Amino acid sequence: MESVVNFFNSIVSVVTSHLSTEMLIYISIAILLLILIWIITRTIRSRKANKRINDLELEVNEIRNNSLQYKFNKASAFARVNDDIMERVKNLTPKYKTCVDSVVDCETLFTEADDYLAGHRIKKAMRSMDELETVIDETKERIRIVTQSLDHILKKETEVREQANALKERYGNVKKVYNDNRSSYYSAAEYIDNALNMIEDEFSNFEEWMFASEFNKAKEEQEKISKMVDDISSKIAACPGYYEKAKVVLPRALEEVKATMKQMELEKIDLSYLEPKQKINAIENALEKTISLLDTGNFDQASDALDEIGDHILALQDDILNEKHAYDEIHGNLEETLSVVDQIEVELKEIVNLYTNIKDRFGLEDWTQRFMLANEQLTSLKKKRDSIVNLLKNDEQTSVELVHQYREYTQEVEEFHAQVKDMKQKLVGASSDESRAKKQLIKLQLILNEVRLSAMTRHLPSISSSFNEDIKEGERLISRVRVVLEHSPLDVQTLNADLQDAIDFVYRLYNNANNLIGVAIMVENAIVFGNRFRSSHPAIDSDLTRAELCFQNGEYTRALKIAIQSIENMHPGVYEKLVARKDPAVMNVAQ
């Protein structure tokens, strides 16, 4: 050790003797920099190597943890029970072993590189990692090829497993629905629990076949389970509805039937012929049996029984309501309906008396046969009425049976009543035509006298000869109606035609006369109004003179036009006021 120290001291002495202190400092700094660069470089390489080894470790672990061995064992087990697969597995075995050896090589190279790196032999570690990467890539490709072949062999197992997983999920959903609504299944819960336990046992059998690689048998077991799940699923879905119908809906409907029966008993409507109590007891017993079927899981039979019970309840309700409606229809207005026959009899007697009084006057046809048929029909209706009354009194028929006979009776009464009314209407119509004609004749005569009197009281200077002729024509038409009225038998058709002609003519004459007198009055007022301007306006005096001449000649309309036109020159708008208000006094306010 001393000799080494002496060696370094001698070297230092030599260097210090040949180099200056400043130069020594520079050399020392350079040496230190080189050492630092070396350390940094080595550190960086070490870090890269560590990162690379970590990444390679992940890849090696991925290769190490592949499912190749599991799939090969599965395929081998499958091949033992399937001869057609055996040859393919034998051909694949060398490749599988190569993959296993490659995995071992990867692990060996990784261990070697890790050891080099731990010993800070970075270069050797990097060379080992390069070789490891190559082996990893080759191993991955080999594993991919073998795995693909194994997947093809195990394709059927995969399909069966996927279907089984879907079936298990569906079963789980069905079971969840059942557990969430367990209280709605009442005593059927025990049956459903047993069915679910059986399905779970079948799932265990399925897994045993799968474990034994008996995929065909596992497939058959799966189909069996699927049918069981479908069956229990439909039962779980339908069961609450069946119980609700058996325990709530149908009993409530039955209570409504009982309430209706009680109400009808209070109204003293006899329902004994329907045997409702016996039917209700039978329905209640059937409901109990149906609930027992539900409790034991016989849902199909229970469903049919529930439908049948519902039909029985509806039929009983319909029978009861039909009896009630029939009873209400018969007794609702029974007295009024039965009394209609007596009313018809009275009306028929009135018609016979009326016919006797007016048949000669109006020349009516012989109604003897008609009255005879009417009396026969009346007698028949009385017998039917008495028969219905006896049936109701003796309670020999139900309301449902009697209501048809009652309806036929009421329909016949209505039709016969309508015929009697029609007979009466014809007779009353014939006599009313004569009465109406006499009243109209008096009215027409008054109107004609009014027209004649108005023309005379107005002292019109001139009336056309046609006016007098029209008065005579009106008298003639009125006289013609009187002649028809005095004739017996009365010709109603001729009477109505002549009366209408007289009415049209007299009313038209009345309107024309009123218009003529109105125009004449307006002319007189216009001339009187214009007289105040005659002395100061020669033109007005001349026009009014012309108007007076036309008035004297009976040209009243022309006279009115001349007078108004003359006055309009002095007072514009007087004519419009006169026409609008139809009051001649309006000219007296014009200044």
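The values are calculated or read from the model by the stated rules, or taken from the named source; none is laboratory data. This one's a predicted model, so the numbers in the text were calculated from it and none came from an experiment. Ideal geometry is used to build each Cβ from the backbone, glycine not excepted, and the neighbour counts take in all protein chains shown. Surface accessibility is based on the protein's heavy atoms, side chains included, excluding ligands, DNA and RNA. Shrake-Rupley method; radii C 1.70, N 1.55, O 1.52, S 1.80 Å.
The figures follow:
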item: Calculated diffusion of region 170-310, Stokes-Einstein form, Kirkwood radius summed over Cα pairs, 10 °C and 1.306 mPa s, µm²/s; result: 89
item: Estimated inter-spin distance, N50 and K472, nm [label 7 Å along Cα→Cβ]; result: 15.3
item: Accessible area of region 109-245 belonging to carbon and sulfur atoms, whole % at 1.4 Å probe; result: 48
item: Qualifying lysines (Cα of each under 23 Å from Cα of K383; at least 8 residues distant if same chain); result: K349, K393, K421
item: Computed lengthening from T98 to I40, 0.36 nm per intervening residue step minus Cα-Cα distance; result: 16.6 nm
item: Number of Lys pairs (Cα under 18 Å; 8 or more positions apart or on different chains) in region 47-151; result: 13
item: Mean Cβ count within 10 Å, highest first, over the residues of peptides 64-70, 517-523; result: 517-523, 64-70
item: FRET efficiency, H152 to N197 (Cβ-Cβ, R0 25 Å, nearest 0.05); result: 0.10
